[in-house]
Amino acid sequence: MVTSILENMGRVIVGKEMVSRLILTTMLAGGHVLLEDVPGVGKTTFANALARTVDCRFTRIQFTPDTMPSDITGSSIYHFEKHTFEYVEGALMSNIVLADEINRTSPKTQASLLEAMEEGRVTVDGKTHELPQPFMVIATQNPIMQRGTYYLPESQLDRFMMKLSVGYPEQSDEVQIVKNMMEGIAPAQLEAQINIEELMQLRKQSQNVMISDKLIQYAVECVDQTRKHDQIELGASPRALLAWIRAAKAYAFVDNREYVTPDDLKFLAPYVLAHRLITVQRLSKGQTGEQELVREILRKVKVPVGK
């Protein structure tokens, strides 16, 4: 079933199989993903392809500077005939939400996503409304150096399980992209491969993947080192550790294994931990600096051997 999902997405996503695999890993682990890159490299296509592959409710929110919190969480409207207020659903009331160009909207609207991403619910006029399950936010953002962008607060970045970069395609892949366009191949043509019930079952199975106590201790030591590094002002949180473990289990499941290996943790660490770190002096290249610090820590912490 996992193979069919990846193959279906691969019909419209050319040459970026690992990005597709990591997004699927995030979904199975119950997390949210942030895609950061320059415009036009296919960030939105990834979200559309995944949403089409899973037969569930999908909403796209195009964030702009004037997007209001009520536009995404919903609002209470007075019903004259019933003489009462009724809740009108916002765009977040879906299973998969594409938050397009999230850093082009105001910090106030960005903050309205926090409760939804962490708790799976929204609060409007003092009343709590549960979001449908499963619930996943796939957010895209342009590099912060571009005009009209706002920094995402650390508290919101910490809610994203992974931060990924799509990158430019290889020349051969770009040729295929052009051919797909000429042949009319697009995410809208994809057929669903699984339904909600099957997705929830896959999530449950992925979290039943085994991870040894030694690997858990290894992950704890790596996270602890991010808090002690002289170039890191704010290290990874316990939430980051839990996200790392859940992601490793899901990644092993996607790889058709029943156990987590040290290589799983080492491979995923830059994607799960780097965007949560605050360095003493933020580097002009953005996440690249934080990722290298994570790799440096991984090289220093001894990898456990045996079971």
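The values are calculated or read from the model by the stated rules, or taken from the named source; none is laboratory data. It should be emphasised that the depicted structure is a prediction, and the values quoted were computed from it without experimental measurement. Here the Cβ is made from the backbone with ideal geometry for all residues, glycine too, and neighbour counts use every protein chain on show.
Would it be correct to say that residue 17 is without any contact (Cβ under 8 Å) to a residue 12 or more places away in the chain and among the charged types (D, E, K, R)? Answer is yes for this residue. Taking (1) within 19 Å of residue 19 (Cβ to Cβ); (2) surrounded by 14 or more Cβ atoms within 10 Å (Cβ to Cβ) in turn, residue 279 satisfies each apart from (1).
Among the residues of region 2-43, those that are within 24 Å of residue 133 (Cα to Cα) and among the β-branched types (Val, Ile, Thr) comprise 2, 3, 5, 19, 23, 25, 26, 33.
Looking only at region 59-83, which residues are buried (at least 18 other Cβ atoms within 10 Å of the Cβ) and hydrophobic (A, V, I, L, M, F, W, C)? Hits for region 59-83 are 61, 63, 72.
Got a number for residues in region 6-21 being part of a helix (DSSP H, G or I) and crowded, with 24+ Cβ neighbours inside 10 Å? Residues that pass the stated criteria total 1.
When the residues of region 176-193 are filtered to those that are surrounded by 12 or more Cβ atoms within 10 Å (Cβ to Cβ) and more than 20 Å from the chain's Cα centre (by Cα), the one that is farthest from residue 134 (Cα to Cα) is 176. Please find, among 252, 269, 248, 219, the residue that is within 23 Å of residue 152 (Cα to Cα) and assigned to a helix (DSSP H, G or I). 269 is the lone residue from the list that is within 23 Å of residue 152 (Cα to Cα) and assigned to a helix (DSSP H, G or I). Only a single criterion out of (1) crowded, with 21+ Cβ neighbours inside 10 Å; (2) under 20 Å from residue 274 (Cβ atoms); (3) of a type in the set (A, V, I, L, M, F, W, C) is not satisfied by residue 157, namely (1).
The single residue among 179, 204, 108 that is in contact with a helix residue (DSSP H, G or I) (Cβ under 7 Å, 6 or more places away or on another chain) and either without any contact (Cβ under 8 Å) to a residue 60 or more places away in the chain or not in a helix (DSSP H, G or I) (or both) turns out to be 108. Might you check whether a residue that is modelled with pLDDT of 85 or more, among the hydroxyl-bearing types (Ser, Thr, Tyr), at negative phi and in contact with a Phe, Trp or Tyr (Cβ under 8 Å, 6 or more places away or on another chain) occurs anywhere in region 24-47? Yes, region 24-47 contains at least one residue that is modelled with pLDDT of 85 or more, among the hydroxyl-bearing types (Ser, Thr, Tyr), at negative phi and in contact with a Phe, Trp or Tyr (Cβ under 8 Å, 6 or more places away or on another chain). Name, by its number, the condition in (1) over 21 Å from residue 26 (Cα atoms); (2) within 22 Å of the chain's Cα centre (by Cα); (3) among the acidic types (Asp, Glu) that does not hold for residue 154. (1) is the only condition that residue 154 fails. Consider region 126-152 and keep the residues that are closer than 23 Å to residue 93 by Cα and assigned to a loop (DSSP other than H, G, I, E, B). The one that is modelled with the lowest pLDDT is 152.
Restricting attention to region 32-58, the residues that are surrounded by fewer than 21 Cβ atoms within 10 Å (Cβ to Cβ) and either touching a residue at least 12 places away in the same chain (Cβ under 8 Å) or in contact with a Leu (Cβ under 8 Å, 6 or more places away or on another chain) (or both) add up to 10.
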